[in-house]
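To start, the structure itself, in structure tokens.
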């Protein structure tokens with residue numbers, strides 16, 4: 001694993017790490033498939049998926065509890081107060097199967113609240129974040 005290559009992938013896909021490391025990296029709906037493919041094909045392990053609400057411009061978020069302003073787009077991400085989805089994929093999967101399983105987990109995501117249900121397919125505000133299995137001491141360039 002190479003930290004510099006990971007930083008290049010993050011830049012290429014306009015992904016946004018949250019905090020100091022690479023535990024939670026938010027990627028827009030337009031870029032998540034390529035991001036997943038580049039990560040897996042370069043040997044990075046995606047351990048979990050977190051969920052964020054995209055709030056364009058200065059608009060108020062409806063579901064999230066706060067989060068970072070986007071480094072690449074006009075708007076911000078607000079973390080959804082739900083558990084992350086741990087992937088726990090079998091070790092014997094080939095890279096294409098891993099990519100398929102992760103994309104499928106995202107595209108079939110359903111979040112149920114007492115008064116409504118959100119799905120990735122229909123609710124364009126739902127945005128994935130990725131927890132990567134990298135050394136704990138790696139720091140991203142946005143944490144200054």
message: Just to be sure I understand the model, the point goes 7 Å from the Cα along the line to the Cβ. What's the resulting residue 116 to residue 104 distance in nm?
response: 3.0
- prompt: Length gain on complete extension for the stretch residue 8 to residue 72, per 0.36 nm per residue less the alpha carbon to alpha carbon distance?
  reply: 21.6 nm
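Using only C-alpha atoms and all pairs of different ones, pull out the Kirkwood radius for the chain in Å with one decimal.
Values: mean 1/r = 0.0644 Å⁻¹.
Every distinct Cα pair counted, the radius reaches 15.5 Å.
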- request: Please sort 46-52, 59-65 by packing, taking for each peptide the average over its residues of neighbouring beta carbons within 10 angstrom, highest first.
  value: 46-52, 59-65
Whole-number percent relative contact order across region 48-95, with pairs defined as alpha carbons under 8 Å at least 6 apart: 41
message: Which of 83, 91, 123 ends up with the largest GNM mean-square fluctuation for the chain, with Cα atoms connected below 10 Å?
response: 91
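Note down the relative contact order for the chain as a percent, whole number, built from C-alpha pairs under 8 angstrom at least six residues apart. All intermediate terms of the calculation are to be shown ahead of the outcome.
On the way: 238 pairs, mean separation 49.5, N = 144.
Averaging sequence separation for qualifying contacts and normalising by length gives 34 percent for the chain.
All of the numbers you see were taken from the coordinates with simple rules; none came from a lab. Here the structure is a predicted model, which means the values were calculated and not measured. Note that we place each Cβ from the backbone using ideal geometry, even for glycine, and neighbour counts take in every protein chain shown.
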